[in-house]
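Here the structure comes first, spelled out in C-alpha cells, and everything after it is commentary.
The values are calculated or read from the model by the stated rules, or taken from the named source; none is laboratory data. Computed from a predicted structure; not experimentally measured. Using ideal geometry, Cβ is built from the backbone for each residue, glycine included, and neighbour counts are taken over all protein chains shown. Surface accessibility is based on the protein's heavy atoms, side chains included, excluding ligands, DNA and RNA. Shrake-Rupley method; radii C 1.70, N 1.55, O 1.52, S 1.80 Å.
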Amino acid sequence: MSLALVNLVTFMLFAIDKRAAIKHTFRVPEKWLLLCCLLGGWLGGLIAQQLFRHKTRKQPFKSLFYLTILLDCIAVILYLSRGALLH
C-alpha cells in the first residue's frame with residue numbers, strides 16, 4: 001500500500017469518526033486510527049485533526065498520536081542510516 005493511500009485512508013477515518021461523534025453513531029475505534037497513523041498515515045491524521053478539530057485535546061490519544069509520529073521518524077532515520085552504514 002502506498003504512503004499516499006495510507007494517508008488518504010487515515011484522513012477519511014478521522015473524518016468518518018468526527019461525523020459519527022457529531023451524530024452519536026458508531027465510532028471508529030481509536031486503536032484503528034492510531035494503527036493507521038503508525039503505518040505511515042500520521043500526516044493525513046494530523047491534517048484531519050486540524051481541519052475537523054477532532055481528537056486534538058483528548059488524552060491519552062494525543063500523546064499516543066504524537067508517539068506514532070516519533071516512531072515513524074525513528075524508523076525512517078534507522079532505515080536511511082542503515083544504508084549509510086553498509087557503505
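Rounded to two decimals, what ratio of Rg to Rh does the chain give with C-alpha atoms and a Kirkwood Rh? Numbers along the way, then the final one.
Numbers: Rg = 14.6 Å, Rh = 13.6 Å.
Taking Rg over the Kirkwood Rh, I get 1.07.
Tell me, what % of the accessible area of the chain is carbon and sulfur with a 1.4 angstrom probe?
Working: 4510 of 6240 Å².
Accessible surface attributable to carbon and sulfur in the chain totals 72 percent.
So which trypsin sites (Lys or Arg not before Pro) in the chain end up in coil per DSSP with only 15 or fewer other C-beta atoms within 10 Å? Spell out each step's value before the answer.
Details: sites: LYS18, ARG19, LYS23, ARG27, LYS31, ARG53, LYS55, ARG57, LYS58, LYS62, ARG82; in loops: ARG27, ARG53, LYS55, ARG57, LYS58.
When the trypsin sites (Lys or Arg not before Pro) of the chain are filtered for loop state and at most 15 Cβ neighbours within 10 Å, ARG27, ARG53, ARG57, LYS58 remain.
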Testing the spin-label approximation: label points 7 Å from Cα along Cα→Cβ at LEU70 and ARG19. State their distance in nm. 3.4 nm
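Over the chain, give the accessible area per residue in Å² for a 1.4 Å probe, as an integer. Mind dumping the intermediate values first?
Numbers: 6240 Å² over 87 residues.
Heavy-atom accessible area per residue stands at 72 Å².
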